[in-house]
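Below is one structure, written out as structure tokens; comments come after it.
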Amino acid sequence: MATTATKMEKIVALCRRRGFIFQSSEIYGGINGFWDYGPMGVELKRNIKDAWWHDCVRNPPVGPDGREVQMVGVDCSIIMNPKVWEASGHATGFADPMIDCKTEGCKGRFRADQIGDVPCPLKPSKHPGQFDKCQLTEARQFNLMFESHAGAIADEANKVWLRPETAQGIFANFKNVCDSTRVKIPFGIAQIGKAFRNEINPRNFTFRSREFEQMEIEFFCHDKDSMMWWEFWRDTRINWYQNLGLASDHLRPRNQTDKELAHYSKACTDIEYMFPFSDEPQELEGVAHRGCFDLNAHKEKSGKDLSYFDDETKERFLPTVIEPSAGADRATLAFICEAYTEDPSRPSPELMKFHPRLAPIKAAVFPLVNKDGMPEIGEAIFRELKKHYPVQYDPKASIGKRYARMDEAGTPFCLTIDGQSKEDGTVTVRDRDTGAQSRIDKTRCLEFLREKMGAS
Ligand code: ATP
């Protein structure tokens, strides 16, 4: 009997078919926990990172103190002095308790806290430990950082780690940024970059990968104002996801319980999303109040003075940090899942309803037929638009097929040149979500797209 593909299986299939996401090294059988973005995916993820950078760094909202929020960016190296990870606690503490199965033919390794969620490799209908052949060990610590060596000799002295988060590069540069710019507290430093974690059980498509990208902000403020800034960033980040199209009833901000909170943290909200692969909402981003834990740890380890001097109050202090820490790949997956729409009544039964700011292709230009002067008008519009936006020109195939292809890629607008275009200089605009068509003057196409893109 044919089984029906789950929504998640259909999304994964569409991502591959339309060039959003491929398995890494697929021609060699892939590699667990690593993914490649194809021509559509790279544009989508870039748009997400650009929207984040634009909305958080270049043009952040006004702060709760009524002033423009000050933000600057950095781009730090992936490999840092190992002392960074000793200071941050990752070298000793960044570990998940793991359980191994000693059974011949299994030799599985499972996160102790997830053992009830994963299938037994030998008997997938059961969980590890439930099958009579399972021989599970006690839980042991397993460090998630990838090791490498900097230099010709692979010895202990040259051992380095690939960063498991981008945040520490920001803390290590706190003083450099204060000394080289005119920022004054409160201000934030932002970074987008790769992070690596040797996740024991990578799964759920790109959700839990071993190589992924983070979009992190460390916001430095005075401790007395820190809860106000924590609330500001929590709300700003939730609004960001909503403004770019995540439905509010799919988003679940969840406050960490006192038991979950790190000992130095006063508050942390996990912004969670209802992915189709789970009945429980899953973390997209954490907005954490980190006290002055990180700066203090680096101050102690490096022996450098990382305090801040306030010229106005003449006060010297270690700033408190608010950290909105998001995953670019998890955000991309959430926007993909949210956009995925099934509508059997349409020429494309599957379509991607991306927000225009995130859509990989903003508009497609079609001559209705590839003759009668229509291609000339279409090519001129295409050449003009492509200076400003990623657009496509497609003169071939039936118009229905061309619409369907663009619906699957999530292109919000199709501009069609038809017989009337030659007479009155107008073109048809077809809206992806409603299929509704209207006419605009061909000279207004760029202006039309600009209006639809919103902030940019
Ligand atoms: P989780 O509990 O899901 O492992 P975490 O709490 O360890 O996540 P953080 O250390 O707070 O995650 O990292 C910040 C963000 O980085 C996460 O909210 C997530 O979006 C992203 N992230 C973390 N680990 C991964 C991963 N293995 N694959 C993809 N994204 C990740």
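Worth a mention:
- The residues of segment 132-146 that are within 14 Å of Asp100 (Cβ to Cβ) and crowded, with 16+ Cβ neighbours inside 10 Å, listed by number, are Cys134, Leu136, Ala139, Phe142.
- Helices (runs of 4 or more DSSP H) contained entirely in segment 1-91, each with at least 3 residues that are under 17 Å from Phe354 (Cβ atoms) and in the same structural domain as Gln191 (by TED's automatic domain parsing): 39-53
- The condition of being crowded, with 16+ Cβ neighbours inside 10 Å and among the basic types (Lys, Arg) holds for only one of Arg58, Arg18, Arg67, that being Arg18.
- Test: Arg163 is closer than 28 Å to Ser278 by Cβ, within 15 Å of the ligand (Cβ to nearest atom), touching a Pro at 6+ places or on another chain (Cβ under 8 Å) and not β-branched (Val, Ile, Thr): no
Conditions tested, residue by residue: (1) under 20 Å from the mean Cα position of the chain (by Cα); (2) more than 16 Å from the ligand (Cβ to nearest atom); (3) at pLDDT 90 or above; (4) closer than 25 Å to Arg330 by Cβ.
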residue: Glu138; (1), (2), (3), (4): no, yes, no, no
residue: Cys178; (1), (2), (3), (4): no, yes, yes, no
residue: Ala195; (1), (2), (3), (4): yes, no, yes, yes
residue: Glu199; (1), (2), (3), (4): yes, no, yes, yes
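- Residues satisfying the stated conditions in segment 201-211, i.e. more than 9 Å from the ligand (Cβ to nearest atom) and part of a strand (DSSP E or B): Arg203
- Flag for Asp75 being surrounded by fewer than 16 Cβ atoms within 10 Å (Cβ to Cβ), within 30 Å of Asp294 (Cβ to Cβ), under 25 Å from the mean Cα position of the chain (by Cα) and charged (D, E, K, R): yes
- Filter pass, Met215 being in contact with a Pro (Cβ under 9 Å, 6 or more places away or on another chain) and surrounded by fewer than 22 Cβ atoms within 10 Å (Cβ to Cβ): no
- Hits in segment 97-131 - residues which are buried (at least 16 other Cβ atoms within 10 Å of the Cβ) and touching a Leu at 6+ places or on another chain (Cβ under 9 Å): Ile99, Asp100, Cys101, Thr103, Cys106, Gly108, Phe110, Ile115, Pro128, Phe131
- Residue in segment 315-322 that is closer than 25 Å to Phe212 by Cα and either of a type outside the set (Gly, Ala, Ser) or more than 33 Å from the chain's Cα centre (by Cα) (or both) present: yes
- Evaluated against (1) surrounded by fewer than 18 Cβ atoms within 10 Å (Cβ to Cβ); (2) in contact with a helix residue (DSSP H, G or I) (Cβ under 9 Å, 6 or more places away or on another chain); (3) at pLDDT 95 or above, Asn296 falls short on exactly one condition, (2).
- Residue satisfying all of: in segment 329-356; out of contact with any Phe, Trp or Tyr (no Cβ under 7 Å at 6 or more places or on another chain), within 16 Å of the ligand (Cβ to nearest atom) and not hydrophobic (A, V, I, L, M, F, W, C); nearest to Val42 (Cα to Cα) among these: Thr332
- Of all residue pairs spaced 6 or more apart or on separate chains, those with beta-carbon atoms under 8 Å, a first member in segment 294-312 that is of a type in the set (Phe, Trp, Tyr) and a second member that is not in a helix (DSSP H, G or I) are Tyr308/Ile185; Tyr308/Phe220; Tyr308/Arg316; Tyr308/Phe317; Tyr308/Leu318; Tyr308/Pro319; Phe309/Glu315; Phe309/Arg316.
- Segment 339-438 holds helices (runs of 4 or more DSSP H) entirely within its bounds, and those carrying 2 or more residues that are farther than 23 Å from Phe20 by Cα map to 374-385, 419-424.
- Among the criteria (1) modelled with pLDDT under 95; (2) within 16 Å of the ligand (Cβ to nearest atom), the one Val321 does not fulfil is (1).
Yes/no per residue for (1) under 15 Å from Thr428 (Cβ atoms); (2) charged (D, E, K, R); (3) surrounded by 15 or more Cβ atoms within 10 Å (Cβ to Cβ):
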{"position": "Ser345", "(1), (2), (3)": "no, no, no"}
{"position": "Pro349", "(1), (2), (3)": "no, no, no"}
{"position": "Lys353", "(1), (2), (3)": "no, yes, yes"}
{"position": "Val365", "(1), (2), (3)": "yes, no, yes"}
{"position": "Leu368", "(1), (2), (3)": "yes, no, yes"}
{"position": "His388", "(1), (2), (3)": "no, no, no"}
{"position": "Ala404", "(1), (2), (3)": "no, no, yes"}
{"position": "Ile417", "(1), (2), (3)": "yes, no, yes"}
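The values are calculated or read from the model by the stated rules, or taken from the named source; none is laboratory data. Keep in mind that this is a model prediction, so the values were computed, not measured. In this analysis, Cβ positions are derived from the backbone assuming ideal geometry, glycine residues included, and neighbour counts consider all displayed protein chains.
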